[in-house]
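The values are calculated or read from the model by the stated rules, or taken from the named source; none is laboratory data. These numbers come from a predicted model, not from an experiment. We place every Cβ from the backbone using ideal geometry, glycine too, and count neighbours over all the protein chains shown.
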Amino acid sequence: MRLPVLALLALLASTLASQAAERLSGEAIERAFRGNTVSGRYTNGGFFTEYHDPDGRALGHNGWQPNTDACWITKPDRICYYYGPPSDRTVHCFTVEMSGDLYVLRNVGNGMINALARVELGNPRNHGDNGTPWYCDGLISRAPQAPMSRRLAQR
């Protein structure tokens, strides 16, 4: 095991031991993440930072690459992220627990801790779409650049 992972797990253990973790509803997750930046470390040590745009886009870096088509959506008890085109889209869903100002993201499938994060108010890292906009409709898709398409996307 690498040192950052050990340090991360030690931080988690001490934080959870000192305060009870509260599992958040989808509505509470949305209130905390919407319009804010979620930054943290995966249990494998990788760093991520994503601005949760109110329009559903996740702008920033997912830990492996800059986001070019990422979207987020909350469900009754979780948050889900969609990455990639429909042909090879990946979907990652997490339950979220809060302990103090630390957010613990657990994989929905196996309950394992995926990441620890903190919420930064607003978009202090100035995450953007790098000039290649996309829109989210619960699934990832790219909006054509024609004016008519933009009107349809706003419906």
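Based on what the data block shows, is residue 155 out of contact with any helix residue (DSSP H, G or I) (no Cβ under 8 Å at 6 or more places or on another chain), modelled with pLDDT under 85 and assigned to a loop (DSSP other than H, G, I, E, B)? Steps first, please.
Numbers: out of contact with any helix residue (DSSP H, G or I) (no Cβ under 8 Å at 6 or more places or on another chain): yes; modelled with pLDDT under 85: yes; assigned to a loop (DSSP other than H, G, I, E, B): yes.
Spelling it out, residue 155 is indeed out of contact with any helix residue (DSSP H, G or I) (no Cβ under 8 Å at 6 or more places or on another chain), modelled with pLDDT under 85 and assigned to a loop (DSSP other than H, G, I, E, B).
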Pairs where the first residue, in the stretch 110-132, is over 22 Å from residue 34 (Cβ atoms) and the second is part of a loop (DSSP other than H, G, I, E, B), C-beta under 8 Å, 6+ apart: 112/43; 113/43; 132/68
Looking at the stretch 86-114, which of the residues that are assigned to a helix (DSSP H, G or I) and not charged (D, E, K, R) is farthest from residue 24 (Cα to Cα)? 87
Given the structure, is residue 132 part of a strand (DSSP E or B) and farther than 16 Å from residue 48 by Cβ? no
Residue list for the stretch 115-125, filter: part of a loop (DSSP other than H, G, I, E, B) and within 16 Å of residue 63 (Cβ to Cβ): 125
Name every residue in the stretch 1-43 that is under 14 Å from residue 104 (Cα atoms), modelled with pLDDT under 90 and not hydroxyl-bearing (Ser, Thr, Tyr), in order of residue number. 8, 9, 10, 11, 12, 13, 16, 17, 19, 20, 21
Complete set of residues in the stretch 51-93 that are crowded, with 16+ Cβ neighbours inside 10 Å and on the phi > 0 side of the Ramachandran plot: 56, 60, 63
When you scan the stretch 51-74, do you find a residue that is assigned to a helix (DSSP H, G or I), aromatic (Phe, Trp, Tyr) and at pLDDT 95 or above, even just one? no
The residue that is surrounded by the fewest Cβ atoms within 10 Å (Cβ to Cβ), considering only those in the stretch 30-50 that are part of a loop (DSSP other than H, G, I, E, B) and among the polar types (S, T, N, Q), is 44
